[in-house]
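The values are calculated or read from the model by the stated rules, or taken from the named source; none is laboratory data. Keep in mind it's a predicted model, so treat the numbers as computed, not measured. Glycine gets a Cβ as well: all are built from the backbone with ideal geometry, and neighbour counts include every protein chain shown. SASA here: full protein model, heavy atoms, side chains in, ligands and nucleic acids out. Shrake-Rupley method; radii C 1.70, N 1.55, O 1.52, S 1.80 Å.
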Amino acid sequence: MARRTLTALSALTLAAALTAVGGARAPAATAPPPPDTPVTSDGRIGAPPGAPRATARHTTGFAGTGAGSARPADARPADARPADARPADARPADAGPRATAPGGTGVQSIIAPDGRVQVTGTTAYPASADVYVTYTRPNGSTGWCTGWLYAANAVATAGHCVHSGGSGGAWNTNFTVHPGRDGGSSPFGSCGVSNTFSVTGWTQNANAEYDYAGFKLNCSVGDTTGWYGMSWTTASLDGTAVGSSGYPQDKPAGTQWSTTSSISASYPRQLAHHLDTVGGQDGSVVRAAGCSTFCGIAVHAYGHGDHNRGTRITEAVFANYQNWRL
C-alpha cells in the first residue's frame, strides 16, 4: 500500500513539473531600440548617462569672429580677408583634399534650369560655416560629402556620409573637416573628428527617413567661422524660402556652390525641396531665415527626379544634435 502511494505521489509530482515546464512562457524578445536612438562609431548605443533632454525649439546662429558679415551665400561677397584666417586650434591647410569620389546613395537632381552659383568668398558667413568633409571608406577608397557647423565644435551631415547603412553596413573613417573650402584653399585650416554619430534607424535599418549624422570636432573652429542655428517644428513648411551650399562632384574640386528655392512638400521626417544638387552635396544644410542668422531645418540627402529631399530636423533629431555637441 505504501509503495503504491509513493508511486502515485511521484507520478503527480512529475506531471506537475511537466505542466509547469509546458506552461512556462518563453523569454520576451528584446524590442529593437527606437530608430532615433543615437549610436557612435565605436559601438555605443543610446545617449550618454545624464545627457540633458533638449527643451528648446531652436538654437541661435553665430556669424563668427573671423568671418564676414551675414549675407546669403549666393550674394557672392568680395573676399577682403587674409587668405589664412584659421583659428589657433585648427590644423594648417593641407595640399588638398585626397578624395577620389563623392559620397552618396541617392540620385541627386538638377531641377532645370540649374540655379547653382559659385561662392567666391567662402570666408564670409554663412559660406564659412559650410564644410567639405573627406573620409576613407572601408574598402580603402576616399570620398567626400558636405556638412555644416551648428556649434563651435559640431557638424551636421547625412547618415550615409558616415555609415553605408543597415546592419551589414560599415563606418567610414579618417574624417577631416575643411570649413569654407575654396578649391585648393582651406582658409580656416582643417579639423579632425573626435566622435562620429548617427542613429540606429540608419545604421541598423538603412531607413532614409533617419539618414542623418554628426561629428564632434577636436577643435572649436566655429568660434571663428560661425555656425548655423537649428530649428524644428511639426507645422507644414510648404512654400518656405530655403537655400543650401555644398561641394558638388560636377564642379571644380573643392569649390562651393549655392542654390535657392522653396519647400515643395512637408513630411513628418523629410522635407521636399527644389534646391539643385548632385553627388558630393549630400549632408548640406537646408537653411531658412531665422535663428538670428540662418536656421538649419533639414539635412539634404536624396534626389527624387523632379525634387530633392532632406532629413527633417524633428524634435528627436534636434535633441540628438544638441547632445552630440557636448
Among the listed residues Ala265, Ala272, which satisfies the condition of being part of a strand (DSSP E or B) and either open to solvent by less than 10 Å² (accessible area, probe 1.4 Å) or at positive phi (or both)? Ala272
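Among the residues of the stretch 207-224, write down those that are within 13 Å of Pro38 (Cα to Cα) and not in a strand (DSSP E or B).
At the first step, the residues of the stretch 207-224 found to be within 13 Å of Pro38 (Cα to Cα) are 210-215.
Across the stretch 207-224, the qualifying residues are Tyr210, Asp211, Tyr212.
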Working carefully through the options Ala301, Ala272, find the one that is under 18 Å from Gly147 (Cα atoms) and either at pLDDT below 95 or not small (Gly, Ala, Ser) (or both). Ala301
For residues that are touching a residue at least 60 places away in the same chain (Cβ under 8 Å) and assigned to a loop (DSSP other than H, G, I, E, B), scanning just the stretch 238-250, find the one that is farthest from Ile110 (Cα to Cα). Tyr247
Scan the stretch 251-262 for residues that are open to solvent by 10 Å² or more (accessible area, probe 1.4 Å), assigned to a loop (DSSP other than H, G, I, E, B) and within 14 Å of Gly115 (Cα to Cα) and jot them down. Lys251
Members of the stretch 153-166 that are buried (at least 24 other Cβ atoms within 10 Å of the Cβ) and not in a strand (DSSP E or B): Ala158, Gly159, His160, Cys161, Val162
Can you find a residue that is acidic (Asp, Glu), at pLDDT 95 or above and open to solvent by less than 10 Å² (accessible area, probe 1.4 Å) anywhere in the stretch 227-242? no
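Pick from Gly254, Gly222: which is more than 20 Å from Thr314 (Cβ to Cβ) and touching a Leu at 6+ places or on another chain (Cβ under 7 Å)? If you could, list the steps in order and put the result at the bottom.
Numbers: Gly254 fails: touching a Leu at 6+ places or on another chain (Cβ under 7 Å).
Matching residue, one of Gly254, Gly222: Gly222.
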Counted residues, the stretch 291-311 - those being open to solvent by 10 Å² or more (accessible area, probe 1.4 Å), more than 19 Å from Thr60 (Cβ to Cβ) and in contact with a Leu (Cβ under 8 Å, 6 or more places away or on another chain): 1
I'm trying to understand the selection: among the residues of the stretch 194-206, which are part of a loop (DSSP other than H, G, I, E, B) and closer than 20 Å to Gly147 by Cα? Ala206
Can you pull out every residue in the stretch 167-185 that is open to solvent by 10 Å² or more (accessible area, probe 1.4 Å) and outside any strand (DSSP E or B)? Ser167, Gly168, Gly169, Ala170, Asn172, Gly183, Gly184
